[in-house]
1. Could you give the length gained by full extension between Ala104 and Ile29, i.e. 0.36 nm per residue of separation minus their alpha carbon distance, to one decimal place?
2. For a quick check of understanding: with a 1.4 angstrom probe and all protein chains in place, what accessible area in square angstrom does Arg71 have, to the nearest ten?
3. Would you calculate the volume per residue, in Å³, of the smallest convex hull containing every Cα atom of region 84-157?
4. On a straight-distance basis, which lysines could pair with Lys75 in a cross-link, Cα separation under 22 angstrom, same-chain partners fewer than 8 positions away excluded?
5. How high is the FRET efficiency between Thr95 and Ala125 when r is their beta carbon distance and R₀ equals 22 Å, given to the nearest 0.05?
6. Suppose the chain between Leu52 and Lys17 were pulled fully straight at 0.36 nm per residue; how much longer would it get relative to their current alpha carbon spacing?
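The values are calculated or read from the model by the stated rules, or taken from the named source; none is laboratory data. Everything quoted here is computed from the prediction, not taken from an experiment. Cβ placement follows ideal geometry from the backbone for every residue including glycine, while neighbour counts extend to all protein chains displayed. Heads up: the accessible areas ignore ligands, DNA and RNA and are worked out on the full protein's heavy atoms, side chains in. Shrake-Rupley method; radii C 1.70, N 1.55, O 1.52, S 1.80 Å.
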Amino acid sequence: MSYEFIQIPASGTGGGKEELNKLLRGGRIASVRKEFVPNGEHSFWAFCVEVLDAPLPSAPGGKTRTGGKGRIDYKEVLSEADFAVFAKLRELRKTFAEKEAVPAYSVFTNEQLATIVTEKPSSLAELGKINGLGEARIKKYGEAFLAALASSGGEDQ
């Protein structure tokens, strides 16, 4: 694991933004912490990005969904029991997405759902450790997804 530290001036001028965006697009990010540092005209946002050294996981044998866009076929990656829970969580995600008229991935991505299924968090704090799940989404959807995971036996598998 390595750490990158990036500063972005609050004024919006100067570097840092592109460096941060490139880093976020290019590697597997474990966590990002940001803090505003007030210093008058020299105020800035400080970012600490924790980057995993391991490559992104892929499906065994490089299997992808039909259509070949490089997406993981979770039916092949997850056990049969875990895939059943994954499917249940996708249905819950779809319900939220339709109710809010937003894309399903804006609720949780498939990768986040698969991580929920395999790591089996039992609290909002544990859910918050999953890559990409911020406070807002955890507050909005966390309890419902934890309840669905618990009711499906996801905690005890």
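1. Length difference between fully extended and current span is 24.8 nm.
2. Per-residue accessible area (Arg71): approximately 110 Å².
3. 75
4. Lys63, Lys88, Lys94, Lys120
5. So, using R0 = 22 Å, E works out to roughly 0.35.
6. 10.5 nm
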